[in-house]
Amino acid sequence: MSKINMTTPIVEMDGDEMTRVLWQMIKDKLILPYIDLKSEYYDLGLKHRDETDDQVTVDSANATLKYGVAVKCATITPNNERVKEYGLKKMWKSPNGTIRAILDGTVFRTPIMVKGIEPNVRTWTSPITLARHAYGDVYKNVEIRVPGPGKAELVFTGADGTEVRETIHEFDEPGIIQGIHNKDSSIKSFARACFKYALSEKKELWLGTKDTISKTYDRRFREIFDEVFETEFKEEFEKTGITYFYTLIDDAVARVMKSKGGFIWACKNYDGDVMSDMVSSAFGSLAMMTSVLVSPTGVYEYEAAHGTVQRHYYKYLKGEPTSTNPVATIFAWTGALRKRGELDGIKELCTWADKMEKATLSVIESGRMTGDLALITTLPDPVKLGSEEFLDAIAEEFNK
Ligand code: NAD
């Protein structure tokens, strides 16, 4: 059988622990036998990040800007324990944060749905994709614990010295105050990434904020989305047959719970933080969530939403059998290679991705799955497979 040829390399970002082990297995069993893989490889494993003073992370993000599509393995974000465990020179920053900043990107998380792993919300028959704005608001706040009576004011001093002042509250007792901010440019990038991704997925886009109460701050999000939509995307949305829909955040939540799914939900930073955990747990499992970082210029980085599955890795190192779920990582590869196929007009890559995803889901639907899924499936008598056996079953199904 001849292998599928690629024209543009995919940026491959390797990672850490159990997911690094799965990464190689997925390549060996599901990719390399079928595709003449062209990749520009970056080792984002913690040891190599440390050796390169984290330059490798920056280089991989720049390569993504150059080529347009990347696939990333989960990586360790170091804390004190990791600094000791790996003898690091420094507590390097989160690679995902670094890459997101360079790509100016928005993260879209989508659950992988399969018969036998049923969402807790009965009406959700299609996946809900959550887009979280990842800049500002309460995550870059300034807070003061007010000790006692006094006046709190909001003051802006313009570059020319002009002052704008608003009274926040005249305190007659102790209390608390908080200042938050956002930037038009960041909201615009967020809006563009959302509209671009909605077009690329051919799905409706929803946005909800609290603009009835926050008449300037939340209102600004609505205004910018409206403006970007009207001037840059309206026509293409009409041509594609999809819609952009704004509603109050409370109404959005109520509608989401009663919906069938199948749309993209754009959320402000905090709403996205809270709602993405609700949506992902209600869909079943973190190991079945994919994640793609999309830049406002249309650059894509695919990954699994979960971490490096540290607990399983230590078992693996001791030679114990592990049953780590590789599905989200497989879908990161299929997502990235399908996108490469679309951009380069290589139909065979897209077909391979569709078939590989279908084979993966078929194996689960046949009752064979990893331990995490066996615990929550509604299928009778599930068979628990180790990661490697599970991947072999997928390859066998694919070859049929
Ligand atoms: P984790 O996602 O690795 O694990 C959280 C829980 O979910 C664990 O109980 C784990 O057993 C289970 N789980 C997750 N994925 C699974 C899978 N594929 N199969 C079976 N079970 C699975 O998160 P953590 O334990 O909080 O973090 C471990 C490491 O991962 C940390 O060093 C952290 O910095 C890193 N991390 C990386 C990313 C990323 O690169 N995108 C995201 C989150 C965490």
Handout entry: Intensity falloff of the range 169-271 expressed as log10 I(q)/I(0), Debye formula with alpha-carbon point scatterers, at q = 0.17, 0.19, 0.23 Å⁻¹
Key = -0.81, -0.97, -1.31
Fill in the blank from the handout: In this structure, the FRET efficiency calculated for THR8 and ILE213 from their beta-carbon separation, with R0 = 51 Å, to the nearest 0.05, is 0.60
Exercise for the section: Restrict the search to the range 198-236; then list the trypsin sites (Lys or Arg not before Pro) that DSSP places in a loop and that have at most 10 other Cβ atoms within 10 Å of their Cβ. Expected result: LYS202, LYS215
Exercise for the section: Determine one quarter of the surface area of the Cα convex hull of the range 138-180, which equals its mean projected area, and express it in nm² to one decimal. Expected result: 3.5
Fill in the blank from the handout: If each part is reduced to its alpha-carbon centroid, the range 292-328 and the range 346-400 end up apart, in Å, by 17
Exercise for the section: Can you give me the P(r) profile for the range 1-116? Cα pairs, bins 10 angstrom wide beginning at 0, each as a whole percent. Expected result: 12, 38, 34, 13, 2
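Evaluate E = 1/(1 + (r/R0)^6) for GLU170 and ASP28, where r is the Cβ-Cβ distance and R0 equals 60 Å; express this FRET efficiency to the nearest 0.05.
Result of the calculation: an efficiency of 0.30.
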Problem - Burial ranking of peptide ranges 165-177, 386-398 (average Cβ count within 10 Å, highest at the top) - result: 386-398, 165-177
Fill in the blank from the handout: Cα-based Debye curve of the range 49-119 sampled at q = 0.13, 0.16, 0.23, 0.26 Å⁻¹ gives log₁₀ I(q)/I(0) of -0.51, -0.69, -1.03, -1.20
Problem - C-alpha long axis of helix 347-365 to longest principal axis of the chain, angle in ° - result: 80
Practice task
Rounded to the nearest Å, what's the spacing between the alpha carbon centres of the range 221-290 and the range 23-48? Just the number, please.
Solution key: 33
Problem - Sorted largest first, extent of the chain alpha carbons per principal axis (Å) - result: 73, 54, 45
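Per DSSP helix of 4 or more residues, -39500 (n - 2.57); summed, then divided by the residues of the chain. What does that give at 222 nm, rounded to the nearest 500?
Dividing the helical sum by the residues of the chain leaves -13000 deg cm²/dmol.
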Problem - Value of relative contact order over the chain, rounded to a whole percent, pairs C-alpha under 8 Å and six or more apart - result: 21
Handout entry: Which listed pairs, of LYS234/LYS355; LYS3/LYS384; LYS72/LYS203; LYS27/LYS358; LYS38/LYS358, have C-alpha distances above 27 Å, in listed order
Key = LYS234/LYS355; LYS3/LYS384
Completion exercise
Taking a crude spin-label model, label points 7 Å out from Cα along the C-beta direction, the ASN62 to ILE180 distance in nm is 3.5
Exercise for the section: With everything on Cα atoms, drop me the angle between helix 269-283 and the longest principal axis of the chain, reported from 0 to 90° to the nearest 10. Expected result: 30
Practice task
Principal axes first, then extents: for the Cα atoms of the range 193-348, list largest minus smallest coordinate on each axis, whole Å, largest first.
Solution key: 58, 41, 27
Handout entry: Förster radius 25 Å - calculated FRET efficiency between THR351 and GLU236, Cβ distance, rounded to 0.05
Key = 0.45
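Bear in mind these aren't lab numbers, they're just calculated from the coordinates by the rules spelled out. From a predicted model like this one, the values you see are computed outputs, not experimental measurements. Every residue, glycine as well, gets a Cβ built from its backbone with ideal geometry; the counts of neighbours run over all protein chains shown.
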